[in-house]
Amino acid sequence: MKRGYLKSSPYFFRLIKIALTLTVLTLMALTALIPAPLQEQANLARVPNPVKSAWFLLWIQELVSYSKYLIYLVLALTAAFIALPWLSRSAPPQGACWFPRESRVVNCVALAICVAVLALTLVAMFCRGANWQFVSPF
Amino acid sequence: MIEDFLKHLFPRAVLQRNLTLSYTLCLGGLAFSCLMLLAASGLLLLFYYQPTPAAAYPSILLLESSVWGGRYLRSLHRLASHFFLVLIVLHTLRVILTGAYQKPRELNWLVGCALLLLAIFEGYTGYLLPMDQLALWATQTGMELLHTMPVGGALRAALVPDGVGEPASLLRFYVLHILMIPGALFFLSGLHFYRIRKDKGVLPYL
């Protein structure tokens, strides 16, 4: 075995097994506390107000509620996200590390987008009432 | 045989420092653990779920009221799906913030992007299946969002030929949710792991 290396079995696989076990146990415990909701049977004649999308799409719903053309911003961000390795001109870091200096711009933009998505999601989830009017969450 | 296959997905040896949890936080592994849990719990739910507009909701009621552990199983599936999405997003953020998407890992970045988008689509198709008010109107709103996109109308027509919650659309969401998207997710996850192994050594990333 070369210096600095370890055999995957058992060292790496042990880590995987621990992660799997912890994930399953955590989820099983949390499930006992958070039951899945079930509303009344679907009825197209009864439209709730407000109508909200799935939680992971709420940020897009909030965004297009300002202007439907903002959907192009979502598409542009998605395209930029996919093309990131070709858009980023910084040299790859020589070692594994968080926040490499060479990628400072990309890191700042990525964090800003994450914060914006999170903020839009929270606003749509807690601050939108009937007719998508802004309401206080408290 | 399965154990041998799984072992071959990973390198025979790894850099000791790459096993440091503070670097990867094991987010990808945790997300894949959620995917396996989703597959296992979803497989059990298949024994009771009926993918027709008239029978879907009653089959969920039956599962929750008359099947031992049925309500718990459905809750576990739902919670695992939330965790799955959150962990994939966090894993993607970690990859960006550590610069691990850069050359020579572009192909694996694309595979990861496909996994993220498929995971979102999987969550979306699963949302409709209980056929309660929350499911119907969340899916309907998702379709309206899709409609605002270029070629969104054509995509909507392909996914929902007869209206959200109608027989053909529910069947399509069901087949996509239980067969096609999970199949793609597992295939791409295998490819993702394989590429990690292939790319290893060029940069000291896990």
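The values are calculated or read from the model by the stated rules, or taken from the named source; none is laboratory data. Quick caveat: nothing in here was measured; it's all calculated off a predicted structure. Don't worry about glycine lacking a Cβ; one is built from the backbone with ideal geometry, like all the others, and counts go over all protein chains shown.
At-a-glance table
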{"read-out": "Residue in the stretch B:137-153 that is more than 29 Å from A:Asn131 (Cβ to Cβ), in contact with a Phe, Trp or Tyr (Cβ under 8 Å, 6 or more places away or on another chain) and more than 7 Å from chain A (Cβ to nearest Cβ) present", "value": "no"}
{"read-out": "Which numbered condition A:Pro100 fails, given (1) free of Cβ contacts under 8 Å to residues at least 24 places away in the same chain; (2) out of contact with any Pro (no Cβ under 6 Å at 6 or more places or on another chain)", "value": "(2)"}
{"read-out": "Failed item, numbered, when A:Pro37 is tested on (1) in contact with a Ser or Thr (Cβ under 6 Å, 6 or more places away or on another chain); (2) within 22 Å of B:Arg78 (Cα to Cα); (3) in a loop (DSSP other than H, G, I, E, B)", "value": "(1)"}
{"read-out": "Residue that is surrounded by fewer than 19 Cβ atoms within 10 Å (Cβ to Cβ) and either farther than 25 Å from A:Ser9 by Cα or touching a helix residue (DSSP H, G or I) at 6+ places or on another chain (Cβ under 8 Å) (or both), where the choices are B:Leu73, B:Leu79, B:Leu37, B:Leu61", "value": "B:Leu61"}
{"read-out": "Tally, over the stretch B:94-118, of residues that are touching a Ser or Thr at 6+ places or on another chain (Cβ under 9 Å), modelled with pLDDT of 90 or more and small (Gly, Ala, Ser)", "value": "1"}
{"read-out": "Matching helices (runs of 4 or more DSSP H) fully within the stretch B:114-206 where at least 3 residues are charged (D, E, K, R) and on the phi < 0 side of the Ramachandran plot", "value": "B:181-199"}
{"read-out": "Criterion (of a type in the set (S, T, N, Q) and under 18 Å from the mean Cα position of the chain (by Cα)) met by exactly one of B:Ser169, B:Ser81", "value": "B:Ser81"}
{"read-out": "Pairs with Cβ under 6 Å, 6+ apart, first in the stretch B:82-99 and of a type outside the set (Gly, Ala, Ser), second crowded, with 20+ Cβ neighbours inside 10 Å and assigned to a loop (DSSP other than H, G, I, E, B)", "value": "B:Val95/B:Tyr101"}
{"read-out": "Count of the stretch B:63-83 residues which are more than 15 Å from A:Pro37 (Cα to Cα), more than 10 Å from every other protein chain (Cβ to nearest Cβ) and in a helix (DSSP H, G or I)", "value": "1"}
{"read-out": "Answer from B:Tyr205, B:Tyr124 - the residue that is modelled with pLDDT of 95 or more and aromatic (Phe, Trp, Tyr)", "value": "B:Tyr124"}
{"read-out": "Residue under evaluation A:Trp59, criteria (1) closer than 26 Å to B:Leu38 by Cα; (2) away from chain B (no Cβ under 11 Å), criterion not met", "value": "(2)"}
{"read-out": "Out of B:Gln16, B:Gln50, sole residue that is at the interface with chain A (Cβ under 9 Å from one of its Cβ atoms), surrounded by fewer than 17 Cβ atoms within 10 Å (Cβ to Cβ) and not charged (D, E, K, R)", "value": "B:Gln16"}
{"read-out": "Contacts under 8 angstrom Cβ, first residue in the stretch A:10-34 being surrounded by fewer than 17 Cβ atoms within 10 Å (Cβ to Cβ), partner among the hydroxyl-bearing types (Ser, Thr, Tyr) and in a helix (DSSP H, G or I), 6 or more apart", "value": "A:Ala32/B:Tyr72; A:Ile34/B:Ser75"}
{"read-out": "Subset of the stretch A:35-58 that is closer than 22 Å to B:Gly126 by Cα and polar (S, T, N, Q) - its residue that is surrounded by the fewest Cβ atoms within 10 Å (Cβ to Cβ)", "value": "A:Asn43"}
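For (1) of a type outside the set (Ser, Thr, Tyr); (2) out of contact with any His (no Cβ under 7 Å at 6 or more places or on another chain); (3) more than 20 Å from B:Glu106 (Cα to Cα), each residue gets a yes or a no:
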site	(1), (2), (3)
A:Thr26	no, yes, yes
A:Pro48	yes, yes, yes
A:Trp59	yes, yes, yes
A:Lys68	yes, yes, yes
A:Leu87	yes, yes, no
A:Ala110	yes, yes, no
